[in-house]
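Structure, as structure tokens:
The values are calculated or read from the model by the stated rules, or taken from the named source; none is laboratory data. Bear in mind that the values here come from a model prediction, so they are computed numbers and not experimental data. Cβ placement follows ideal geometry from the backbone for every residue including glycine, while neighbour counts extend to all protein chains displayed.
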Amino acid sequence: MGGHRSGNWYPRCRKLTVEETLAIEMQKFRPAIYPDSVGTVTWAANAGDDQNSVGFFIAWGAAGPTVTLQYAWDDQTDVSLPVRLTTTPTNFAGRRWWFVCPLAACGRRAGKLYLPPGARLFGCRTCYGLSYRSCQATRWLRPRPHAPAIPPSFAALRRCGRNAPPNHALAELSGRLRISQRR
């Protein structure tokens, strides 16, 4: 146990990311939250993509407002999805609006609802098991926003762990860098 190549060495299954789904943001609905409001929300998933649109109407009941999303799924079936809305207090006497996830037995507050490929209903990130693209990159390949730029001749220094070059290779690299800077 614990020998060479032991542990989780099989390739992991990649999760679906939020960047690969259609997402509706609460921010698009905020200006229209008043009784008997009707409208359409239009957005593009990525720059240059086709426009997506969802029709909606907002009804106020005893439990609070409910937005009903209306859209065509697979260009054949019309879907009408009621989504409850809720608020949380903010500083300075404001309130923040949230969707309540419409999928069965979830009830989580969400600022965005996602529609993954092949799914019929919008739901929260947790229900669909979505991840972010940046979370799936290995720790050493993720961009570091505050790190200084590494010269190309020091590219080998980015490696770490078992793949790190031995010290004499680092000394050779730094020697080559000093020589190239003198020329």
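Tabulated results
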| item | result |
| --- | --- |
| Those residues of segment 120-140 which are touching a residue at least 60 places away in the same chain (Cβ under 8 Å) and aliphatic (A, V, I, L, M), in sequence order | Leu130 |
| Matching residues in segment 66-107 - criterion: being at negative phi, assigned to a loop (DSSP other than H, G, I, E, B) and in contact with a Lys or Arg (Cβ under 9 Å, 6 or more places away or on another chain) | Thr90, Cys101, Pro102 |
| Residue list for segment 80-102, filter: without any contact (Cβ under 8 Å) to a residue 40 or more places away in the chain, within 19 Å of Phe57 (Cα to Cα) and in contact with a Gly (Cβ under 9 Å, 6 or more places away or on another chain) | Arg84, Thr86, Thr87, Val100, Cys101, Pro102 |
| Residue count, segment 70-105 (criterion: touching a Ser or Thr at 6+ places or on another chain (Cβ under 9 Å), of a type outside the set (D, E, K, R) and over 12 Å from Leu121 (Cα atoms)) | 5 |
| Selection within segment 108-119 - surrounded by 13 or more Cβ atoms within 10 Å (Cβ to Cβ) and not in a strand (DSSP E or B) | Arg108, Gly111, Pro116, Ala119 |
| Residue identified as basic (Lys, Arg), farther than 25 Å from Gly129 by Cα and modelled with pLDDT of 85 or more among Arg95, Arg109, Arg5 | Arg95 |
| Residue in segment 128-136 that is farther than 25 Å from Glu19 by Cβ, surrounded by fewer than 17 Cβ atoms within 10 Å (Cβ to Cβ), of a type in the set (S, T, N, Q) and out of contact with any helix residue (DSSP H, G or I) (no Cβ under 9 Å at 6 or more places or on another chain) present | no |
| Verdict on Arg133 being charged (D, E, K, R) and modelled with pLDDT of 90 or more | no |
| Cβ-Cβ under 6 Å pairs, at least 6 apart or on other chains, segment 61-76 side modelled with pLDDT under 80, far side assigned to a strand (DSSP E or B) | Trp73/Val79 |
